[in-house]
1. Could you give the alpha-carbon Rg of the stretch 259-320 over 2.2 N^0.38 Å, rounded to two decimals?
2. Name the residue farthest towards the positive end of the dipole of the chain from the options Y82, A246, L220, assuming +1 on Cβ of Lys and Arg, -1 on Cβ of Asp and Glu, about the Cα centre.
3. With charges only on Cβ, +1 for K and R and -1 for D and E, what is the dipole size of the chain about its Cα centre, in debye, rounded to 20?
4. Just to be sure I understand: of the beta bridges DSSP finds with both ends in the chain, what percent are antiparallel, rounded to 5?
5. Checking the a/c ratio against 1.5 first, then a/b against b/c, what shape does the Cα gyration tensor give for the stretch 40-163?
6. Shape call for the stretch 215-316 from the C-alpha gyration tensor, a ≥ b ≥ c root eigenvalues: rounded (a/c under 1.5), prolate (a/b greater than b/c) or oblate?
7. Who wins for biggest fluctuation among L220, L126, L177 in a Gaussian network model of the chain, springs between alpha carbons below 10 Å?
8. Which ³J(HN,Hα) values, rounded to whole Hz and listed in residue order, are derived for the stretch 299-313 from phi using the Karplus coefficients 6.51, -1.76 and 1.60 in 6.51 cos²θ - 1.76 cosθ + 1.60 with θ = phi - 60°, glycine and proline given as x?
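Here, each number is a calculation from the coordinates, and none is a lab measurement. In this text, all values refer to a predicted model and were calculated from it rather than measured experimentally. Cβ sites come from the backbone with ideal geometry, for glycine too, and all protein chains shown count toward neighbours.
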Amino acid sequence: MLYLKDRGHVHPLASEITPREVWRQRRTLIQGLAAGAATAAMPALAATTRPGKRDALPGARSAVPGAATMEAPTAYADVTSYNNFYEFGTDKADPAQRAQGLQTRPWTVVVDGLVKKPGRWDLDALLKLAPMEERVYRLRCVEGWSMVIPWVGYSLSELIRRVEPLGSARYVQFETLGDAKQMPGLRSNIIPWPYVEGLRMDEAMHPLALLAFGLYGEVLPPQNGAPLRLVVPWKYGFKSAKSLVAIRFVEQQPRSAWQRTAPQEYGFYANVNPTVDHPRWSQATERRIGDGLFAKRRPTQMFNGYEPQVGQLYAGLDLKTNY
Ligand code: MTE
C-alpha cells in the first residue's frame, strides 16, 4: 500500500513448512478417501493438515466452482507472519508481534441498514450459521505479492440471505474493529479509522465471496483477522477486511478507507487486473511468497484467475475507469 518495503519478513522454520511433494501426496490420499466418503453421504475431509497452533476449525472441501486450486498453499509460517493489518502497525511483521492479545470473545457483528431483519450476531451464532468449508484461494496484494491460503468459512451470501435485504440495498459496507486500547496502529492517522470496505450487492452475493473464520483447519490467528473476516479472492487483498464488527446494507456506494486516503490509487472495485497499473508501479506480475527472493515473478492473472467465475459481473463496465 503506502509502505512498500518488505522489511521484517520473518522466515519460517524449516520444520514448519510442509514440503510440496508431501503435501501433494497427502492431498491425493485425502481426496481419495473423501471421494469414498462422499458416496457414503459424509462430508469430504479438508485437504490440508492443521499446524496445531490454535483451536481446530475443520471445513469440508467446498463444491463452489473455483474454490479449490491445485497450487500448493503458502507455508503456514509465511501466511501468519507476513501480514497487512495496519491497526497493529505498517511493518509486515507488526501484526504477528502485536496482535496476539486481541480479545476475540465476546464478539458481536452488527448487521443492519436496508434489511428486513437487522440485528446483532454473536460469534457463536455466526459459527453455526452454515457448514464450514475449506476454500483454497489465491490472495493477491495490491503491493505485488501473492499467497495461496486454505481458508475455512462459508459464503457471505449465507448470512445475507438470512437478514433479507430490501430491494433498495445496492451495496454492502464492512466495518472492522477500531479499538485504540488494543490496536497501537490507531495512533497513526495513516488511514481514517475504522477500516471500511464495500462491495456491490451482486459481488457480495457471489458464492466465492467468503466469510472466513479460520485457515489451515484452525481458527484465524489475530494477525489474519480473527475472529472473522471477509475474503474476496478476485480483488486486491485490501478489499478483504479483517476483524469485522459491522455489515451494513446501503443504497449509495460506500467510500472505503483506502479510497478516502488515496482515491487516485485505490478504487472501489479493486479487481485484480494486470492491464491497469497502480499509478506508482506495474500490476503485470507478482511475487509468490515462498518462491524465494530470486524466483521469477509470475504473470498476474485477470481477476486473480477467477475470471471464469466472476467475469460476467463486470460485463460492459470500463475497468480502467472503475479500477
Ligand atoms: N483489514 C484491516 N482491518 N486492516 C488492514 O490493514 N489490510 C488489507 C486486508 N485487510 C487490512 C485488512 C490488506 S492490504 C491485505 S493484502 C490483506 O488484509 C492481508 O491479509 P493477510 O495478512 O491475512 O494475508
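1. Working: Rg = 13.4 Å, N = 62, 2.2 N^0.38 = 10.6 Å.
Against the empirical 2.2 N^0.38 Å value, I get 1.27 for the stretch 259-320.
2. My answer, from the dipole projection, is Y82.
3. Its charge dipole is roughly 200 debye.
4. Details: 39 of 47 bridges.
Around 85 percent antiparallel, to the nearest 5.
5. Values: a/c = 1.64, a/b = 1.12, b/c = 1.46.
Oblate, since a/c reaches 1.5 and b/c is not below a/b.
6. Taking the square roots of the gyration eigenvalues as a ≥ b ≥ c, the stretch 215-316 is oblate.
7. Its mean-square fluctuation being the largest, the pick is L126.
8. Rounded to whole hertz, the list is x, 6, 9, 4, 6, 6, x, 9, 4, x, 8, 10, x, 5, 5.
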